[in-house]
1. Could you give the DSSP H helices of the chain that reach 18 angstrom or more along their long axis (alpha carbon positions) and whose average Kyte-Doolittle hydropathy is no lower than -1.0?
2. Need one word for the range 111-163: rounded, prolate or oblate. Basis is the Cα gyration tensor (sqrt eigenvalues a ≥ b ≥ c); a/c below 1.5 gives rounded, then a/b vs b/c decides.
3. Would you mind computing, in nm to one decimal, how far apart the modelled labels at Asn248 and Val302 are, each placed 7 Å from Cα along Cα→Cβ?
4. Going by how many other Cβ atoms sit within 10 Å of their own, how do Val277, Val135 line up, fewest first?
5. What does the convex hull of the Cα atoms of the chain come to per residue, in Å³, rounded to a whole number?
6. Would you work out the charge dipole size for the chain about its Cα centre, treating the Cβ of every Lys and Arg as +1 and the Cβ of every Asp and Glu as -1, and quote it to the nearest 20 debye?
7. Leu106's amide H: which non-local residues (gap 5+, or another chain) put their own amide H closer than 5 Å, with H modeled 1.01 Å from N in plane and none for Pro or chain starts?
8. Given springs between every Cα pair under 10 Å in a Gaussian network model of the chain, which of Gly287, Gly256, Gly136 has the largest fluctuation?
Amino acid sequence: RELVSPDAAGDEVQIEAALRPKRLDEFIGQSRVREQLSLVLESALRRRRPPDHVLMSGSPGLGKTTLAMIIAAELNAPLRITSGPALERAGDLAAILSTLSEGEVLFIDEIHRMARPAEEMLYLAMEDFRVDIVVGKGPGATAIPLDIAPFTLVGATTRAGLLPAPLRDRFGFTAHMDFYEPAELEQVLYRSSRLLGVELPPDGAHEIARRSRGTPRIANRLLRRVRDFADVRADGVIDRDIAAAALNLYEVDAEGLDRLDRAVLGVLLKKFGGGPVGLSTLAVAVGEEPETVEVVAEPFLVRQGLLARTPRGRVATAAAWTHLGLTPPPDAFG
Ligand code: ATP
């Protein structure tokens, strides 16, 4: 019955991998990106040349890693995976670049966090399929040019704006990944429930989808938590009431806000009267790193119309006060 045993050593990472779509036509949503990408890939296949380098930007969990794997699969090419923080020295990157095979896809996750010297080496590699290996130190140092196999770089970043322009400009195609619509997340949930052997009626799927923060990874995770609840506290069928009760228990509210989202809004409203307040002040007040608040919580709050980023700082909207059931100060909205 089940492709993935629900308690396969409790390994959620394994489950997540099993739920990944393998080909472009299994990839749900992001229709514009999918169409753009399929043109890029199709024409490369016809020309029998590696496609242009691809940059993907978007919030965590929207499917960037999945798409990188799909690109390699569609090209029938091998895939090498690394990440910006793993490339501390130029030598780390040189070791990878010099061993790529022709047409290989190199995926660099969190590419905005790559160290500077590695980044500069990447410019030349992307443009000329060449690296300069520096031998020796100081005035006697020489650069030995080394040809590398033509490859396709797929970079992923949570914010394209964080990338230095010279790097950004070397990508032939940028895929902007947006949050998913609830209807698309329902499709993700149906697909996952089939693979997991979980019974998911439409009203249950609808309830989970609208609380999934527009993010397939979260949808899949909530599905597993709701399934636990349905198995233990009910007959295993996930209807609307079961889904809602389970998600309330896991502190996911009716709009999909989780603890961090509500902490950010709560502090912004109760401590700073709705703002404006700077990112780092806000982050200290919720006890998180500024990057976590900025990358994980804010994009969804902005998209839900609960928070605005202004030049003077973060500001809560009228909807934020309503959502938390609080009354704004009389002068709050002019
Ligand atoms: P991060 O940047 O944090 O690595 P990501 O954007 O790369 O996140 P993925 O790891 O690719 O996200 O996707 C997370 C999970 O969501 C995957 O396990 C996959 O099952 C599911 N998923 C993502 N996109 C889709 C989609 N379009 N259709 C179906 N499932 C998807």
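1. 31-47, 116-128, 182-196, 216-233
2. oblate
3. 3.3
4. Ascending Cβ contact count within 10 Å gives the list Val135, Val277.
5. Taking only Cα atoms, the chain has a hull volume of 169 Å³ per residue.
6. Its charge dipole is roughly 480 debye.
7. It is Arg80, Thr152, Leu153, Val154, by chain and number.
8. Result: Gly136 has the largest fluctuation of those listed.
Bear in mind these aren't lab numbers, they're just calculated from the coordinates by the rules spelled out. These numbers were taken from a predicted model, which means no experiment stands behind them. With ideal geometry, Cβ positions are generated from the backbone for all residues, glycine too; neighbour counts draw on all protein chains shown.
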